[in-house]
Amino acid sequence: MNTVDVVLPCLDEAEALPWVLARIPAGWRALVVDNGSIDGSADIARTLGATVVHEPRRGFGAACHAGLTAATADVVCFCDCDASLDPALLVPFVREVREGAADLVLGRRRPSGRGTWPAHARAGNLALARLLRRRTGLRLHDLGPLRAARREPLLALGLTDRRSGYPLQMVVRAADAGWRITERDVPYLPRAGASKVTGTWRGTWQAVRDMSRVLADGGTVR
């Protein structure tokens, strides 16, 4: 049985998939959630040994939750599928969860070079982190997608957001449930291909709007 499932939401990531899947630690299972790709991503992922889950409902949260519900391992990780984050870095995240030092471990992105993280996207993330501190008391710096937690407690959070607010809703509900949440620095690399969210002002605005609604609604937004 696989020891860890890594959920990889995927929308047209054919260019990045070979590198991402090659970085999955041995003994772990890659769950590539195809969210309507038209570039052959699903076939590439399957050829490279990943388990492919199809989620027709568009949205980052929809893809993440489809992967979570398809997971069977005790510990589930999440990672972007665009080669901006290295899934091999999840090993200490999982160790921390298994040893009981934390219930949810988040990756704090540290840009590896100029232009890796556009200024508008970084500003939006910083503003949301400040709002999150005010809402939960958690002194977190990032709401990035690299994270690890146990599957059954994650499912018990009853996450309902299916758009960009999913990562934030997970943190808000975990905090409300009294989870121990920690943060680890991780290098943030130049992504492969064009960004669907942080690469554009419109995408960043949409993500900030979705996440702001999560905070305003107390983590209950759908």
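The values are calculated or read from the model by the stated rules, or taken from the named source; none is laboratory data. Small disclaimer: the values here were computed from a predicted structure and weren't measured. No Cβ is skipped: glycine too gets one built from the backbone with ideal geometry, and neighbour counts run over all protein chains shown.
I'm trying to understand the selection: among the residues of segment 6-30, which are in a strand (DSSP E or B) and under 18 Å from Arg58 (Cβ atoms)?
Within segment 6-30, Val7, Leu8, Pro9, Cys10 qualify.
Could you list, in sequence order, all residues of segment 7-33 that are crowded, with 24+ Cβ neighbours inside 10 Å and farther than 13 Å from Phe78 by Cβ?
Residues satisfying the conditions are Glu13, Leu17.
Could you list, in sequence order, the residues of segment 1-35 that are among the small types (Gly, Ala, Ser) and under 18 Å from Ala192 (Cα atoms)?
Listed by number, the residues that qualify are Ala14, Ala16, Ala22.
Only residues in segment 140-159 that are farther than 21 Å from Ala30 by Cβ count as the first member; pair them with residues that are small (Gly, Ala, Ser) and surrounded by fewer than 22 Cβ atoms within 10 Å (Cβ to Cβ), Cβ under 6 angstrom, at least 6 apart or cross-chain, and list the lot.
Taking only residues 6 or more apart or on different chains, the pairs are Leu140/Ala129; His141/Ala129.
Yes/no per residue for (1) among the hydrophobic types (A, V, I, L, M, F, W, C); (2) closer than 13 Å to Val7 by Cα:
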{"site": "Ala50", "(1), (2)": "yes, yes"}
{"site": "Val53", "(1), (2)": "yes, yes"}
{"site": "Arg58", "(1), (2)": "no, no"}
{"site": "Ala71", "(1), (2)": "yes, yes"}
{"site": "Gly100", "(1), (2)": "no, no"}
{"site": "Ala121", "(1), (2)": "yes, no"}
{"site": "Arg134", "(1), (2)": "no, no"}
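Search segment 1-53 for residues being polar (S, T, N, Q) and closer than 24 Å to Val91 by Cβ, and hand back the single one that is modelled with the highest pLDDT.
Across segment 1-53, the extreme among qualifying residues is Thr51.
Of (1) in contact with a Lys or Arg (Cβ under 6 Å, 6 or more places away or on another chain); (2) within 28 Å of Pro18 (Cα to Cα); (3) not polar (S, T, N, Q), Glu96 satisfies all except one. Which?
It fails just one condition, (1).
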